[in-house]
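The values are calculated or read from the model by the stated rules, or taken from the named source; none is laboratory data. Not measured: the values here are computed from a predicted model. Methodologically, a virtual Cβ is constructed for each residue, glycine included, from the backbone with ideal geometry; neighbour enumeration extends over all protein chains shown. Calculation scope for accessible area: heavy atoms of the full protein, side chains included, ligands and nucleic acids excluded. Shrake-Rupley method; radii C 1.70, N 1.55, O 1.52, S 1.80 Å.
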Amino acid sequence: MRRKLIAGNWKMNKDIFEAGTLIEELKTRLKDFRNEVDIVICPPFTSLVVAKSLIKGSPIKLGAQNVSPQDDGAFTGEVSVKMVKAIGCEYVILGHSERRQFFKETDELINAKLKKVLAAGLTPIVCIGETLEEREHGITDKVITTQVKGVLHELVSSEVEKLVIAYEPVWAIGTGKNATPEQANEVHRLIRKLVGQIYSWNIAEKLIIQYGGSMNAQNAGSLLSQSDIDGGLIGGASLKADAFVTIIQAGAEASK
Ligand code: PGA
């Protein structure tokens with residue numbers, strides 16, 4: 001059985017002081033947590049160091065929201081994989097739709113970053129998803145297929161085994177309009193089928209595919225109990241300790 005992965009994408013929220021407060025609240029609420037799911041928080045770069053020291057001894061793991069495709073050098077404003085690894089990050093979100101939309105990231109660039117993250121031994125959480133326009137035009141499957149092939153370009157089985165895919169319909173992100181559990185599950189199955197075709201069914205069966213897009217304390221249970229939804233990538237609701245821990249509990253419940 002696939003282990004559920006609940007990850008909080010804090011986006012550009014929480015300075016070091018606010019991050020400290022939220023992590024302390026999470027730790028208090030996770031006191032009785034029995035390790036049924038994997039928990040990750042992805043604060044902004046500036047809060048990673050303080051977050052790493054505060055999560056010590058807790059079940060929470062650390063992730064970054066992005067990295068450079070370059071190793072080092074004259075790339076003002078960029079942060080390398082080596083740098084986030086040195087802090088103790090185990091995960092890196094790649095290709096989030098906000099990166100695609102506002103910073104013009106392409107599947108090709110995401111693929112280049114993905115290779116760096118894998119080479120460093122960290123776990124990439126690679127985001128894919130269709131826009132509202134694409135869904136309304138009935139081309140969701142086509143868009144997802146292109147994105148899966150694009151981001152996985154030239155990756156070998158031993159690499160694909162190590163990654164996480166997050167299906168995040170762009171129209172559901174930050175809008176309060178989540179995909180229905182059935183809608184999401186259908187796309188998750190398509191992603192699994194594609195990975196099965198390109199690699200093997202053995203790899204596809206083990207692949208963790210998270211859902212993201214307005215997941216909250218109310219809808220997490222029904223989303224996370226779907227056959228092919230293996231966790232959540234949570235934005236807004238991960239900024240509130242109560243909501244995030246309720247989602248973690250829903251993940252634990254769905255894992256029984
Ligand atoms: P949301 O964001 O939960 O606020 O919709 C999800 C994401 O962007 O990862």
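Contact annotation: residue pairs with Cβ atoms under 9 Å, 6 or more positions apart or on different chains, pairing a residue in region 2-27 that is in contact (Cβ under 8 Å) with a residue 40 or more places away in the chain and under 24 Å from residue 230 (Cβ atoms) with a partner that is acidic (Asp, Glu) and in a helix (DSSP H, G or I), are 2/205; 11/98.
Within region 79-108, the residues that satisfy the criterion of being over 19 Å from residue 7 (Cβ atoms) and surrounded by fewer than 18 Cβ atoms within 10 Å (Cβ to Cβ) are 82, 83, 86, 101, 102, 103, 104, 106, 108.
Within region 226-248, no residue that is open to solvent by 40 Å² or more (accessible area, probe 1.4 Å) sits with its Cβ atom under 6 Å from a residue that is at pLDDT below 95 and not basic (Lys, Arg) at 6+ positions apart or across chains. Of the residues making up region 74-117, those that are within 16 Å of the ligand (Cβ to nearest atom) and not polar (S, T, N, Q) number 13. The requirement of being part of a helix (DSSP H, G or I) and either more than 16 Å from the ligand (Cβ to nearest atom) or within 23 Å of residue 256 (Cβ to Cβ) (or both) is satisfied by residue 203. If only residues of region 150-184 that are of a type in the set (Val, Ile, Thr) and either surrounded by 16 or more Cβ atoms within 10 Å (Cβ to Cβ) or in a helix (DSSP H, G or I) (or both) are counted, the one that is nearest to the ligand (Cβ to nearest atom) is 173. Scanning region 13-22 turns up no residue that is in contact with a strand residue (DSSP E or B) (Cβ under 7 Å, 6 or more places away or on another chain) and not charged (D, E, K, R). For region 47-71, the set of residues classified as over 21 Å from residue 108 (Cβ atoms) and open to solvent by 80 Å² or more (accessible area, probe 1.4 Å) consists of 49, 56, 57, listed by residue number.
Of everything listed in (1) on the phi > 0 side of the Ramachandran plot; (2) at pLDDT below 95, the single unmet condition for residue 14 is (2).
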